[in-house]
Each structure stands twice: as structure tokens, then as C-alpha cells.
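A.B. asks: Please read through the structure below; I'll follow up with questions.
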Amino acid sequence: MSSVNITGTGMYIPAQIVTNEDMKRFVDTSDEWIVQRTGIRERHFSQGEPNWYMGVQAAKQAVGNAGVDPKEIDVIISCSITPDYFYPTIACTVQDELGADNAFCWNMEAACSGFIYALDVARSYLAVGSAKTVLIVCSENMSKSLDFTDRSTCVLFGDGAAAAVVQKGDGLYASCMGSDGRTGAALLARALPLDTPFATEKDDPKYAKYMEANDPYLKMNGRAVYRFTAHAIPNMVTGACERAGIQVEDLDLIVPHQANLRIIETAAERLHVPMEKMYVNIDRYANTSCASVPICLAELVADGRLKRGDKIALAGFGGGLTCGAVVFEW
Ligand code: UT7
């Protein structure tokens, strides 16, 4: 079967650590509440490193670890919901900084599911032969989209970037993706408003799709997202395993999006998988959106915890709402 071979990973985490105790300076919260409800103990916030810079650092590390010449990269896919610019995309900036002159570069947006979707797209390029080497870069400055007066969201997120070099592999591979646009209002952030001298009908109620998105900060209905994810991870992982022709119990490791430890524990329960098989680092980084799964991978590789042939599932979910899982042999 045409699969993926992740030949290099890299990550960049801003040095500045912000503890739960530190968050008490901004909102009425406590370490106890945050740890019990989410598993988060600390997060890293940028001290000024922009999104593109973090992405470039992670990309350089991934390309170095893969041992590929940047000129061999055919495609760069970036994912981010917190870019510095709408354009040029981070992918193009990474191309420039790496000297990956032969790549074509674009950005895809599936919020926290970004890496999972990008890996599936990379696999398609590799399978049809339109690329031999794909670089995926996920970078998030979540801190700039946070309302530091809203305790229900600002304690949940962190900044970070990660990248992966993806080449063709031979083992099993399957993906299972799903989106539910009906629940879009549960997690959103506004883009530029249509506010020109010509937009005289901009306030017509028929255009009021997401009225609550009237400022640029992230808004979330935590309970609605929680309800979605409680089914999303188990369903997507089970679906991908079925398509790959394996049982969930055959998986050596599941790497879920790091949004809430309770969500990960619920998923483990529903999948009948012991927590030892669920990778968790949310305590140190909080939710870094699309960077969370590749950060986990970069850590796992650095720690030597993944062996060639291990069957792993990566699972993501987030704004859209979107969700997805890929299953493959490492
Ligand atoms: O990658 C993006 C995906 N996002 C997610 O996956 C998030 C999914 N949702 C969640 O993880 C959880 O819903 C949250 C962690 C966001 C919230 O946990 P919860 O157990 O659903 O809490 P809740 O929203 O029901 O709030 C319970 C209470 C409320 O107080 P009252 O109304 O019971 O008096 C909140 O005001 O906790 C309060 N609260 C807080 N208290 C202290 C909310 N945030 C905080 C806080 N510190 N930071």
C-alpha cells in the first residue's frame, strides 16, 4: 500500500514559560481548576517570535533531521490559524528561508486538525507521484488570538511550531476525516471585516452568520466542542483502523490533538485503549492548535520512542468543526 514515511521532524517552542499561577494575574482562575479540568500546568507564549520565525526554525530542524537538501523538497504545506500575513503564506516564507527553490508552497487551514489533513494531502501527492518530498509546517501564535479577560479560553492555549518531512512509505495507511459545519459557531475567530464605504448593507441581518464573532479574538463554546470531540476521536480512529484492516488494539500508539486531558482519557476509554498508548504532553504546552500533533511526534522521535513498523494513529479535531485520523506504520 502507498503510505507515508516521516523521515524528519522538528519543533520550536518559545522559551517563555507561563504557569497557571501566572495566568491568575489576568483572570479569576486557579491552578487547581485548570489542572483538574484540562490537565494543563503551563504553556509557552512568544516573547516576540512571529509565526513565520517559529515555523522556519521547526522546518530547518525537520529538514536537517531528514538529511534532505532543501532543493529536493517538492511541496511545502503550511497550516496555521494565526499567521502573520494572509499572504505570503508561511509556506512561501519557509521556502525563502530554507532556499527550497524547487518547491511549490501553499497554506491549508483546518484549524487544530491541520496536520492530520495536511499529512493526508501529502500522502496523495506522494501516491500519485507528483511529489517525492513534502514538508509540512505547522506554526501557531495562539497567544495573539486570546482574550486575556476571558478565563474560559485564555488558559487553554499555547504557542509553538513543528514540522515534518514526508516521503513515500510502503506500509499500511488509511485516513478517516469528517467535518460538521453546523457546529461552526462553537469555535471561531473573525477575519478582516467587510467595512468599506461601499458596504452599505453589511449590517443586514441576513449576513449575520456568526454574530458573536465581532472581535478578532478566539471564541469558544467549550461544552459544545467537548461534546463533538468525545465522539470525534473514537469514531475517526476506529474508522481509520477499519479502512486499514486492523483492530484498534493493534495500534502501538495514538497521538491525539492536545486540547484537554479529559478528552484524551475519554477517547482512551471509548477505544478500550490503556492510557499508556495515548501520548500526552498537554501539561507542558497546552493547546497549540495544529502544531500539537507534530510537536508530539517531534518529541517522540527525539526520545527514541517510535520504532520503524510501529502502528500509530494521529487524531485531530478543531474549528470548523473538523476532525480526522490517519493510521500508518512508522
Ligand atoms: O482545539 C480546540 C478544541 N477545544 C477544545 O477541545 C475544548 C473543549 N472543551 C473543554 O475542554 C472544556 O469544555 C473546557 C476546559 C473549556 C471547560 O471545562 P468544563 O468542565 O466544560 O467547564 P464549564 O465551561 O462548564 O465551566 C464550569 C465552571 C463555570 O462556572 P459556573 O458557571 O459553574 O459558576 C465557569 O465559569 O468553571 C468556570 N470556569 C473557570 N473557573 C476557573 C471557566 N473557566 C475557568 C477558569 N478558571 N479558567
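Read the figures in this text as sums done on the coordinates, not as results from a lab. Bear in mind the structure is a predicted one, so any value in this text is a computation, not a measurement. As a convention, Cβ positions derive from the backbone with ideal geometry for all residues, glycine included, and neighbour counts pool all protein chains shown.
A.B. asks: Given the pairs K24/K202; K168/K311; K60/K307; K219/K277; K71/K144; K219/K311, which are separated by over 28 angstrom at their Cα positions? Numbers along the way, then the final one.
C.D. replies: Working: K24/K202 39 Å; K168/K311 16 Å; K60/K307 23 Å; K219/K277 32 Å; K71/K144 33 Å; K219/K311 36 Å.
Table pairs above 28 Å Cα-Cα are K24/K202; K219/K277; K71/K144; K219/K311.
A.B. asks: Taking the Cα centre of each part, how many Å lie between segment 108-157 and segment 60-99?
C.D. replies: Using only Cα atoms to place each centre, the spacing works out to 13 Å.
A.B. asks: Shifting gears a bit: Which order do W330, W33 fall in if you start with the one that has the fewest other Cβ atoms within 10 Å? Each step should come with its number before you reach the end.
C.D. replies: On the way: W330 20, W33 13.
Ordered from fewest to most neighbouring Cβ atoms within 10 Å, W330, W33 come out as W33, W330.
A.B. asks: Which order do the peptides 284-292, 310-318 come out in when sorted by mean C-beta neighbours inside 10 angstrom, highest first? Walk me through the numbers on the way to the answer.
C.D. replies: Numbers: 284-292: 28.7, 310-318: 25.3.
Highest-to-lowest ranking by the protection proxy: 284-292, 310-318.
A.B. asks: Additional query: What does the highest-first list of 114-124, 173-183, 159-169 look like by mean Cβ count within 10 Å? Could the numbers behind the result be given before it?
C.D. replies: Values: 114-124: 24.6, 173-183: 16.9, 159-169: 27.0.
Highest-to-lowest ranking by the protection proxy: 159-169, 114-124, 173-183.
A.B. asks: Please list, or write none, the aspartates and glutamates whose alpha carbon is within less than 17 Å of the alpha carbon of K206, excluding same-chain residues fewer than 8 places away.
C.D. replies: D195
A.B. asks: Gap in Å between the Cα centre of segment 169-217 and the Cα centre of segment 240-272?
C.D. replies: One Cα centre to the other: 28 Å.
A.B. asks: Is the shape of the chain rounded, prolate or oblate, going by the alpha carbon gyration tensor and its root eigenvalues a ≥ b ≥ c, with a/c under 1.5 for rounded and a/b larger than b/c for prolate?
C.D. replies: In terms of gyration-tensor shape, rounded.
A.B. asks: Quick check: net charge around R43, other residues with Cβ under 11 Å of its Cβ, Lys/Arg +1 and Asp/Glu -1? Intermediate results must be reported in sequence, preceding the final value.
C.D. replies: Details: positive: R41, R284; negative: D22, E42, D159, D283.
Its environment carries a net charge of -2.
A.B. asks: Just order 320-326, 106-112 by mean Cβ neighbour count inside 10 Å, highest at the front, would you? Let's see the in-between values first.
C.D. replies: Working: 320-326: 26.4, 106-112: 20.6.
So the peptides 320-326, 106-112, ranked by packing, come out 320-326, 106-112.
A.B. asks: What does the charge add up to near P88, with Lys and Arg as +1, Asp and Glu as -1, over the other residues with Cβ less than 12 Å from its Cβ? Numbers along the way, then the final one.
C.D. replies: On the way: positive: none; negative: D84, D96, E97.
Local charge sum for P88: -3.
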